[in-house]
Amino acid sequence: QVKEQGRNGYRLFDAEHDKRRRSRKESLVRLRQALEQGELRLYYQPKVNMRNGKVVGAEALLRWHHPQHGVLAPGAFLADIEDSELDIPLGEWVIRTALAQMQEWRARGLLLGISVNISAFHLQQPDFARRMAVLLQEYPQLPRDMLEIEVLESTALSDLERVIALMRDCQALGVRFALDDFGTGYSSLLYLKRLPADKLKIDQSFIRNMHEDTDDLAIVQGIIGLSGAFNRHLVAEGVETDEHGKLLLYLGCEVAQGYGIARPMPADHFFDWVRRWQGNPHWEFAARQRWT
Ligand code: C2E
Ligand code: MG
Ligand code: MG
Ligand code: MG
């Protein structure tokens, strides 16, 4: 009786598993098509130095302009891609698109670095640095240090030594690295110590409640202290209000990214946004008014 149930249970589970695998496969086919048909886009969100108001960079964030469902954020489809055969072509498309975008902005008088999100799976490909060199060679006019790679700090990087070597190889090409969602991973401090990342991005979950939750505030303060001690740049994510910004500035974190400044935008909107933001001749003063 028990055995019978067990077998049924197993079969039931197996059917579910098979269904999930099939639907993931179908969605991958659809996503590959989306990539080929230009339905995937990069949106850009500014990073701003709150001390002087200067736009210091942009993060490229993936969006799917789905013909039926509208604009989809990565939460709706990225899980199907991760670790799949589409992960690497998509990552390379993201890098190439960001490079082309920097080139286009530069031609229009806007010299601004872009950071891209790259999966741990992609990063751990043995030829990542070599491919990076090839992609960079397609844009010889771009200053070498304009591309930054954001690595999810929470992703268990299985082969730390190899990732360290790879980061050094990429840094020799001029590419910079940021540890994304810093503070949420299993071994943040080990990664901080070992990985030659240039920048830490304080995860938005700590910023959100730092005014009410003293633990979150302590974590934010701790990360700001660590960035100073380890001599890494710092960005706060998820800065939604001027109060967030003010407190961060007071604590010693100058660069912010979040809805309180701007949401991720299509490339053309982003360009116009920067023009408007910095078109104000008193923008340093405006930043001081706003955040200090
Ligand atoms: P992330 O790299 O940590 O990016 C920050 C996320 O927070 C983005 O969500 C952004 O839209 C959102 N965000 C920015 N400011 C605020 C704010 O003030 N409040 C709130 N609540 N959210 C804010 P998004 O665009 O949905 O992306 C989610 C994640 O998907 C990213 O997190 C990143 O890990 C991943 N991702 C995005 N684009 C790519 C990509 O091209 N490739 C890969 N592999 N992953 C990507
Ligand atoms: Mg990121
Ligand atoms: Mg993040
Ligand atoms: Mg995140």
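What's the extension gain from ALA76 to ARG194 if we count 0.36 nm per residue and subtract their Cα-Cα distance?
39.2 nm
Any idea of the accessible area per residue across the chain, 1.4 Å probe, to the nearest Å²?
52 Å²
How much accessible area does THR97 have with a 1.4 Å probe, in Å² rounded to the nearest 10?
Taking all protein chains as shown, THR97 has close to 40 Å².
Size of the dipole of region 27-74 about the Cα centre, Lys and Arg at +1 and Asp and Glu at -1 on the beta carbon, nothing else charged, in debye to 20?
In debye, rounded to 20, region 27-74 gives about 220.
Considering only protein heavy atoms and a 1.4 Å probe, what is the carbon-and-sulfur percentage of the accessible area of the chain?
Percent of accessible area from carbon and sulfur atoms in the chain: 52.
In debye, nearest 20, what is the charge dipole magnitude of region 207-267 about its Cα centre with +1 on Lys and Arg Cβ and -1 on Asp and Glu Cβ, if you could check?
Dipole about the Cα centre, nearest 20: 280 debye.
Against the longest principal axis of the chain, how steep is helix 242-251, in degrees 0 to 90 to the nearest 10, with axes from Cα atoms?
Rounded to the nearest ten degrees, it is 80.
On a full-extension model of 0.36 nm per residue, what is the gain between ASN52 and ALA133, subtracting their alpha-carbon distance, rounded to one decimal in nm?
Full extension of this stretch gives 25.7 nm more.
Just the number, please: percent antiparallel of the DSSP beta bridges in the chain, rounded to the nearest 5.
So the antiparallel bridges amount to about 45 percent of the total.
How large is ³J(HN,Hα) for each residue in region 218-223, as worked out from phi by the Karplus curve 6.51 cos²θ - 1.76 cosθ + 1.60 (θ = phi - 60°), to whole Hz, x for Gly and Pro?
Using θ = phi - 60°, the values come out as 4, 5, 4, 4, x, 5 Hz.
DSSP loop GluC sites (Glu not before Pro) in region 114-209 with at most 14 other Cβ atoms within 10 Å of their Cβ, which ones?
Here the sparse-neighbourhood loop sites are GLU138.
Angle, helix 87-107 long axis vs. longest principal axis of the chain, Cα atoms, 0 to 90°, nearest 10?
With rounding to tens, the tilt is 20 degrees.
Go ahead and run the numbers for FRET between GLN103 and ARG22, Cβ-Cβ distance against an R0 of 35 Å, rounding to 0.05.
After rounding, the FRET efficiency stands at 0.30.
From the residues GLN204, PRO281, GLY260, which one has its Cα farthest along the dipole of region 187-292 in the positive direction, the dipole being from +1 and -1 charges on Cβ of Lys/Arg and Asp/Glu about the Cα centre?
PRO281
Past 27 Å, Cα to Cα, is the threshold; run LYS193/LYS246; LYS25/LYS47; LYS54/LYS201; LYS54/LYS246; LYS25/LYS193; LYS54/LYS193 against it and keep the listed order.
LYS193/LYS246; LYS25/LYS47; LYS25/LYS193; LYS54/LYS193
The values are calculated or read from the model by the stated rules, or taken from the named source; none is laboratory data. Because the structure is predicted, anything quoted here is derived from the model rather than measured. Positions of Cβ are generated from backbone atoms using ideal geometry, with glycine treated the same way; all protein chains shown enter the neighbour counts. For accessibility, only protein heavy atoms count, side chains too; no ligands or nucleic acids. Shrake-Rupley method; radii C 1.70, N 1.55, O 1.52, S 1.80 Å.
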